[in-house]
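Asks: This is the structure, below, for whatever I ask next.
The numbers here are math on the coordinates, done by the rules we state, and not lab data. Because the structure is predicted, anything quoted here is derived from the model rather than measured. Every residue, glycine among them, receives a Cβ derived from its backbone with ideal geometry; neighbour counts consider all protein chains shown.
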Amino acid sequence: MTLTTHATLGAVIGRATGNPVLAFIFGFISHFLIDMVPHGDTGLADNYKIKKVRRKQALAYVMVDAVVAIMFVLILANVKDIVSVRNFTWGIVGSVLPDLIVGVYELTKTKYLHWFNKMHFFFHDFFIKRKGDVPLYYALMAQVVLIAYLQTKL
């Protein structure tokens, strides 16, 4: 999933829980659950991790994704009447943190995060390894629709 999708879901969770600790916990858990849905990025990840080709393409995708997510969250925070910015924030932090931890692992290859990386990809690849992935274009369009729907719940 894109960081924007995770962040939007985390914001909705933050609003729904009404508690920053619960927002963080449920946002964190939601990351793994929504990552189970095939979302078209397996080819990018495999090219980066396994084949070690098109690394610039994968890194560009991640950077654009991060910038779009940040811009979207800032727009939401400035346009929507957020009841509790604290809950909103901690829901978003919890929902994007797993990808940030995986990014730190990819950069450092530290043994302390290896288990987390394996767990993350267990969920990420749960259905993809059994049923296959969807084309990235379709997955991105579906996520745009999901984001548009979720932001109406804020």
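Asks: Chymotrypsin sites (Phe, Trp or Tyr not before Pro) within the range 56-135: which are DSSP loop residues with at most 16 other Cβ atoms inside 10 Å? Don't jump to the answer; show the numbers that get you there.
Replies: Numbers: sites: Tyr61, Phe72, Phe88, Trp90, Tyr105, Tyr112, Trp115, Phe116, Phe121, Phe122, Phe123, Phe126, Phe127; in loops: Phe126, Phe127.
Of the chymotrypsin sites (Phe, Trp or Tyr not before Pro), the ones in loops of the range 56-135 whose Cβ has at most 16 other Cβ atoms within 10 Å are Phe126, Phe127.
Asks: Let me ask something additional. Say a site is exposed when it is one of the trypsin sites (Lys or Arg not before Pro), sits in a DSSP loop, and has at most 15 other Cβ atoms within 10 Å; what is then the longest site-free stretch of the chain? Walk me through the intermediate numbers first.
Replies: Details: sites that count: Lys52, Arg54, Lys80, Lys109, Lys153.
With a cap of 15 other Cβ atoms within 10 Å, the longest stretch comes to 1-51.
Asks: Okay, next question. Which angle from 0 to 90°, rounded to the nearest 10, does the C-alpha axis of helix 3-17 make with the longest principal axis of the chain?
Replies: 40 degrees
Asks: Just to be sure I understand, if you calculate Cα Rg over 2.2 N^0.38 Å for this structure, which of (i) 1.03; (ii) 0.94; (iii) 1.21 do you get?
Replies: Read-out taken from this structure: (i).
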